[in-house]
Amino acid sequence: MKYIEEYRRAESVQAVVEAIRRRATHPWVLMEICGGQTHSIVRHGIDQLLPPDLELVHGPGCPVCVTPLELVDKALAIASRPEVIFTSYGDMLRVPGSGRDLFTVRAAGGDVRVVYTPLDAVRLAQENPEREVVFFAIGFETTAPANAMSAWQARRLGLRNFSLLVSHVRVPPAMHAILGSPLNRVQAFLAAGHVCAVMGYHEYPPIAEQYRVPIVVTGFEPLDIVRGIYRAVLQLERGQALAENAYRRAVRFEGNRPAQELIQQTFEACDRAWRGIGVIPQSGWRLREEFAGFDAERRFDVAAIRPQESPQCISGLILQGQRKPHDCGAFGTACTPEHPLGATMVSSEGACTAYYRYGREPAPVGATAEVGP
Ligand code: SF4
């Protein structure tokens, strides 16, 4: 398949890995932002192919993982109401709140439905004028345009029974939070290619300059990832700190301007809690005042919900690159993908899930790395 198979060829990946080995003369710590990249790195054993002094740490770019427990509990409370049709992408249904998940709510009689786009939820609202239809609008910049479009479509149709439970987060403030921490270990970022396809990477040069870190826009296939690592290592070895695009087939500097305008017209920046990390200033989007009627948190009385995270969980440190999943005492015992305790085990894109699924505990010694589909 074009644009897939040529980016998974083992010999192409090996050639770039050899180039990395030749160029890397110092120990470096690189963070891939996106959970999809984490999954690809662990699945294909890319981290095990790299020189031992080149460390990859796993960033906060899994949207399911960073959706706060508080918001999951609010979703459960709303979905349990008899007048509500609660809609979501499928991956949020098994994310546990404080005591149950959306599957449990559905089993108990709640009307919880999987949709493939928020516009499906708008259509449901049209077809069910006597019911309240709520869409669980989580995610990074990537999903924001479609969610914004659903609010505009609902307004255009004059719907009064459609709302969004919004938990949008943004990458640049998370980068500031990680790099500004006194415990920061990250020396270069692999930026998330799909986020940059929407937003471009014009926000990154000031961050690279302020903290003296290379930021390389990187794709998701094995060859994309090793090319991103290679470009980051080249910059580090040269003492450069630039925002660079290693995913040119999908990303332009300015990004998708119409999508950005739609986001700006619909959402405004706000402080946002990230699961496992806490509140990051101005790191989220909420609906603008003119769309307040479509805000599920205002429509339903859920403000008082304040759950507690598991005290065993160190996912906040993992999401900031300070620890690895196997540093957690609960990994693979008290905490598994079937019974997750924390953020990075709740989603298939979470770092703990990837380590668990691909057998990274105990850390394999002399393991043979797999490259290829
Ligand atoms: S293994 Fe579970 S409890 Fe430990 S850090 Fe990962 S998600 Fe948290």
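Values quoted throughout were computed directly from the atomic coordinates according to the rules given, and no laboratory measurement underlies them. Predicted, not measured: the structure shown is a model, and the values here were computed from it. No Cβ is skipped: glycine too gets one built from the backbone with ideal geometry, and neighbour counts run over all protein chains shown.
Miscellaneous remarks
- Taking every DSSP beta bridge that has both ends in the chain, the antiparallel portion is near 20%.
- Centre separation in Å (Cα based) which lies between segment 201-235 and segment 25-75: 14 Å
- Straightening the chain between L242 and H26 buys 75.9 nm, computed as 0.36 nm per residue apart minus the Cα-Cα spacing.
- For the chain, C34, C196, C270, C313, C328, C335, C352 stand unpaired, since no other cysteine beta carbon lies under 4.7 Å from theirs.
- In plain terms, the bigger the Kirkwood radius, the slower the diffusion; for segment 6-84, with that radius from Cα pairs, at 20 °C and 1.002 mPa s, Stokes-Einstein puts D at 138 µm²/s.
- Per residue, the convex hull volume that the Cα atoms of segment 109-249 enclose (Å³): 154 Å³
- Over all distinct Cα-Cα pairs of segment 1-311, the Kirkwood formula returns a hydrodynamic radius of 20.6 Å.
- Theoretical gain in end-to-end length, Y358 to E83 [0.36 nm per residue, Cα-Cα removed]: 94.8 nm
- Relative contact order %, the chain, counting alpha carbon pairs below 8 Å whose residues are six or more apart: 23 percent
- Computed extension length for R298-E268: 9.2 nm, one decimal, from 0.36 nm per residue of separation with the Cα-Cα distance subtracted.
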